[in-house]
Amino acid sequence: MQDSPRQLNQIFLQSEDCVNNSTDVIYPSYKRDEVNIGIVHLGLGAFHRSHQAMYTEQLLNLQGGGDWGICAVSFRNQALQAQLNKQDCLYTTAILDVEDSFQVVGAIKEVLVVKTQASLVLERMAAETTKIVSLTVTEKGYCLNAQGVLDETLPEIINDLASIEQPGSAIGLIVAALNLRFKKGIKPFHVIACDNLPENGRKLKSAVIQFASKISENLAQWIDKEIHFPNTMVDSITPKTEQDTVDLIKNKLGLIDEAPVQREMFAQWVIEACPNMERPEWEKVGVIFTPDVESFENAKLRILNGLHSALAYIGLLSGYDTVYQAISDEKIKSFLVALVDNEIIPTIDAPTGLNLQDYSRAILARFENPKIKHLLSQIACDGSIKIPVRTLAPIQNNIGADRSIQSLSMVVAAWIHFIRVSYVKKQAVHDPRATELLTAVSQFQGNSNEDVSNFLEIDGLLPDSLKNNVSFITPIQKAYAEIASTFKESPFNA
């Protein structure tokens with residue numbers, strides 16, 4: 001009779017007690033109790049645990065420990081904190097591919113929640129031992145407006161400026177912690193953004209300095225002079241963990257893990273090289289440090305993320321729930337191939353050594369992994385932030401070069417119709433500008449030209465170069481008429 005599964009932490013009282021009898025399961029090989037916390041990560045979600053924490057775990061294994069343990073900070077998720085605390089912050093990453101593999105991650109040493117422990121979060125961030133603060137807070141967590149600067153009208157920013165001792169936003173937390181270090185004469189930490197935002201480091205630095213200047217000009221100048229905010233690119237498809245994966249881990253490891261994550265095999269992390277920045281030697285485990293993050297960033301944002309958004313809106317309108325289902329539709333796949341070859345790749349200056357067509361085909365193959373159940377509804381969130389970066393930016397490039405934008409226009413039109421169908425079906429739209437978007441589509445009268453024109457007049461939705469630009473608006477109007485006709489009775493259940 002097989003032994004009952006044990007809780008994950010029960011075999012990790014000391015790492016040397018771990019016995020790995022399977023070649024496809026990796027356990028921590030260092031003494032966790034001797035690892036010190038040097039990183040505070042804001043945004044404890046599945047992606048951080050499957051990506052940055054995994055890279056850090058691999059480095060700790062390689063070096064036999066060190067001072068780069070992670071304090072992982074969630075903004076509100078007390079349930080996840082309780083689950084991880086119950087198993088000493090250990091969890092399993094399941095890498096699902098042709099051959100599955102598993103890694104038990106011990107890099108996270110502490111979990112805090114801003115909602116209930118803001119003072120402890122600030123204390124940890126302000127500690128001299130904290131060298132790095134990293135973030136995965138999604139694009140909207142940077143609190144930027146359409147021009148890419150800090151939006152001082154947002155309630156969370158207003159609240160944090162009024163009560164800097166108890167901040168609730170990522171920007172407020174960073175500035176509040178740096179303010180404490182500045183006053184005490186402690187060297188600052190460096191800040192690494194890990195979200196799908198172009199020039200994420202530069203934009204984050206600008207927002208932090210703008211916020212800090214409201215507190216103290218001397219503080220703002222110190223941040224500007226002393227702190228590195230490298231631009232980065234991150235990549236690994238990490239969907240919501242399925243019960244099948246929980247059961248798979250239980251059967252494979254003989255352990256009960258209440259907080260596992262699942263991801264595809266592929267992972268990439270590109271970080272801008274910053275001289276004299278104290279950091280982990282992540283390059284030893286595959287992280288790329290380069291002065292040319294922008295090329296990697298554009299390739300990933302426009303190809304991977306751009307195709308994801310196209311797949312999400314067209315797939316949902318077609319009645320599919322997951323990336324795998326949608327990419328299995330040959331008509332949709334053919335559309336994506338034409339989109340990337342004809343209208344996305346021509347807008348990208350490829351990083352040295354990267355063949356963009358090969359890269360795009362590898363991405364499409366990643367979408368075809370049946371073990372990764374990536375929900376289209378998850379990708380469809382926050383379109384008002386994602387579409388400008390993933391779709392409107394290449395449209396601008398193509399218009400400037402007198403190239404076609406026919407397929408990209410179909411993506412924009414599908415997004416607009418997704419909002420319209422959501423309104424008609426009374427389904428929630430998860431977007432920071434949901435009220436404006438839904439109000440606009442509620443006034444549609446069935447004339448695609450007028451409807452599209454009115455939608456595109458939403459304040460701040462378009463970059464200045466596309467406003468009233470007939471080379472942009474006319475193709476969108478034509479594409480919307482086709483999309484609305486094709487998906488008049490869309491069955492999606494977002």
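Quick notes on this one:
- Cα-centre dipole for the chain with unit charges at Cβ (Lys and Arg positive, Asp and Glu negative), debye to 20: 560 debye
- Each of Leu301, Cys274, Thr245 was placed along the dipole of region 233-304 (beta-carbon charges, centred on the mean Cα), and the one lying farthest toward the positive end is Thr245.
- Ordering Asn449, Pro370, Asn468 by the projection of their Cα atoms onto the charge dipole of region 314-471, which places +1 on the Cβ of Lys and Arg and -1 on the Cβ of Asp and Glu, puts Pro370 at the extreme positive end.
- 13 Å Cα-Cα reach of Lys467 towards aspartates and glutamates, excluding residues that sit fewer than 8 places from it in its own chain: Glu457, Asp459
- Of Val287, Gly66, Ile186, farthest towards positive along the dipole that unit charges on Lys, Arg, Asp, Glu beta carbons give the chain: Ile186
- Bridge type composition, the chain - antiparallel percent by DSSP, nearest 5: 30 percent
- Options (1) 23.1, 73; (2) 25.3, 87; (3) 27.2, 92 - which one matches Rg and Dmax of the Cα atoms in Å as calculated here: (1)
- When Asp151, Asp349 are arranged by Cβ crowding within 10 Å, least crowded first, meaning fewest neighbours, the order is Asp349, Asp151.
- Counting only aspartates and glutamates at least 8 places from Lys300 when in the same chain, those with an alpha carbon closer than 14 Å to its own are Asp195, Glu199, Asp235, Asp292, Asp349, Asp358.
- Reported to the nearest whole Å, the Cα centre-to-centre distance from region 70-144 to region 282-331 is 24.
- Cross-link pairs exceeding 19 Å in C-alpha to C-alpha distance, out of Lys140/Lys205; Lys205/Lys284; Lys131/Lys187, comprise Lys205/Lys284.
- For Lys250, a cut-off of 23 angstrom between C-alpha atoms picks up these lysines, skipping any fewer than 8 places away in its own chain: Lys86, Lys109, Lys240, Lys371, Lys373.
Read the figures in this text as sums done on the coordinates, not as results from a lab. This structure is a prediction, so every number in the text was calculated from the model and none was measured. All Cβ positions, even for glycine, are placed from backbone atoms using ideal geometry, and neighbour counts span all protein chains on display.
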